[in-house]
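One structure below.
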Amino acid sequence: MRPRIAFVGAGAVGGYVGGHLARLGHDVTLIDPWPEHVEAIRAKGLALSGLEPEENVTVKVPALHLTEVQGLSKARPVDIAFVSVKSYDTVWATHFIAPYLSEGGFVVSLQNCINEERIAGVVGWGRTVGMIAATISVDLYEPGKIRRTVGRGGPNRMVFAVGEVHGRITPRIEMLRDMVAGIDSVKATSNLWGERWSKLCVNGMRNGTSAATGLSGNDCDQNPHIRRFALRVGAEAVRVGQALGYSLEKIQNMAPELLALAGEGDPAALETAEATLLENGRKAQRSDLQRPSMAQDMAKGRKTEIDFINGFIAAEGAKAGIAAPANAALAAVVKRVERGEIPARPENIIGINI
Ligand SMILES: NC(=O)C1=CN([C@@H]2O[C@H](COP(=O)(O)OP(=O)(O)OC[C@H]3O[C@@H](n4cnc5c(N)ncnc54)[C@H](OP(=O)(O)O)[C@@H]3O)[C@@H](O)[C@H]2O)C=CC1
Ligand SMILES: CC(C)(CO)C(=O)C(=O)O
């Protein structure tokens, strides 16, 4: 029998992955707190789009309001629950779905940041799995409509990684890998923690800079000052990750040491890193519409994940005795924009003096 799958959070990432799994014939139920979004999916299906015309599909998929989730108990229990809400909503979302899990059921963190411990705190480590969506870039731009703003990874670029917290490649990891392979490139990883910290470095470099400046991902890369500031943020994040003992993976196509040296001002490393950042946008066919999830939150007037990204990097650095002033400064300026004290503008980064 097909596993029963629920997505708690059918926003950009949850809706995109859940919608495509439903299209591929999996037994998916979407659950989302935004009433208009659920109603739009029910009325017209979930419209998913991408850069290529063949990526544009409308999927009929069951969608539930939060108030309807108790109805799940009337059918088979859930075997796989993807939690794909913002990090600050992880704990309640996991509590919310936990009573509906089957005996062998488990929860997958399909999020950024490092939320596995929060999920394990609710359902236990044995029922916790991590899935990373690397350079997917999706946004829920209207109720019932999610668009992808970078090209598909295919054989050229790894988009998803899925792993156990203990690192062994288990049958459930292979099952998840095979499911998601129908959507885009995916690997089963034995280095979930290294993948997580490396993705945190990527988000540290891209999300807050775009949210604080109001610039798209491409415009951030094109601006030399913002590009170099992002490299400095990334370098600090690498040094903190190394001090904490993570085995880091490549970060935006750069070896961690190269990124660290670039952000620390080594001229040769800086030249290579800047060229790589510019080349990445071209290789991934990143559209000018692309904005990282935090910049989407800012544009929608919603709470950001800044405390779980740059704020977290700075706090972990403080514990490890590694200063991370660029991360701390970025977290502070994003919070000021979020509170409406200052507008999003490039000067918010250009004016940082550390
Ligand atoms: N977007 C991306 O490209 C990527 C995102 N991620 C990560 O995935 C996780 C989920 O993020 P993501 O999918 O981007 O989140 P979204 O903001 O798209 O969706 C999360 C929730 O936000 C609410 N929401 C979104 N837009 C609106 C709106 N206009 N009005 C009212 N409510 C709205 C909904 O519930 P509610 O109202 O309760 O918040 C929704 O469930 C995060 O950890 C993120 O960092 C990872 C890789 C890429
Ligand atoms: C890497 C990036 C910026 C795009 O997928 C992302 O993870 C996000 O938007 O949060």
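The values are calculated or read from the model by the stated rules, or taken from the named source; none is laboratory data. Since this is a predicted model, take the numbers as computed values, not measurements. Glycine also receives a Cβ, built like all others from the backbone with ideal geometry; neighbour counts cover every protein chain displayed. Please note that ligands, DNA and RNA were not included when accessible areas were found on the heavy atoms of the full protein model with its side chains. Shrake-Rupley method; radii C 1.70, N 1.55, O 1.52, S 1.80 Å.
In the stretch 242-278, what residues are without any contact (Cβ under 8 Å) to a residue 24 or more places away in the chain, in a helix (DSSP H, G or I) and either closer than 26 Å to Phe308 by Cα or open to solvent by 30 Å² or more (accessible area, probe 1.4 Å) (or both)? Correct list: Gln242, Glu257, Leu258, Pro267, Ala268, Glu271, Thr272, Ala275. Entry remark, the stretch 94-122: residues being among the polar types (S, T, N, Q), open to solvent by less than 10 Å² (accessible area, probe 1.4 Å) and away from ligand 2 (no atom under 16 Å from the Cβ) number 1 in total. Restricting Ala243, Ala237, Ala269, Ala255 to residues that are more than 23 Å from Ser190 (Cβ to Cβ) and outside the structural domain of Ala133 (by TED's automatic domain parsing) narrows the list to Ala269.
Of the residues Val83, Val78, Val91, which single one is within 16 Å of ligand 2 (Cβ to nearest atom), in contact (Cβ under 8 Å) with a residue 24 or more places away in the chain and in the same structural domain as Tyr16 (by TED's automatic domain parsing)?
Working: Val78 fails: within 16 Å of ligand 2 (Cβ to nearest atom); Val91 fails: within 16 Å of ligand 2 (Cβ to nearest atom).
One residue alone meets the criteria, Val83.
Against the list (1) open to solvent by 60 Å² or more (accessible area, probe 1.4 Å); (2) in contact with a Phe, Trp or Tyr (Cβ under 6 Å, 6 or more places away or on another chain), the condition Glu52 fails is (2).
What number goes with the only condition from (1) within 19 Å of the chain's Cα centre (by Cα); (2) in contact (Cβ under 8 Å) with a residue 60 or more places away in the chain; (3) open to solvent by 30 Å² or more (accessible area, probe 1.4 Å) that Ala320 does not pass? All conditions pass for Ala320, except number (1). Can you name every residue in the stretch 323-354 that is over 28 Å from Asp139 (Cβ atoms), surrounded by fewer than 19 Cβ atoms within 10 Å (Cβ to Cβ) and in contact (Cβ under 8 Å) with a residue 40 or more places away in the chain? Correct list: Ala323, Pro325.
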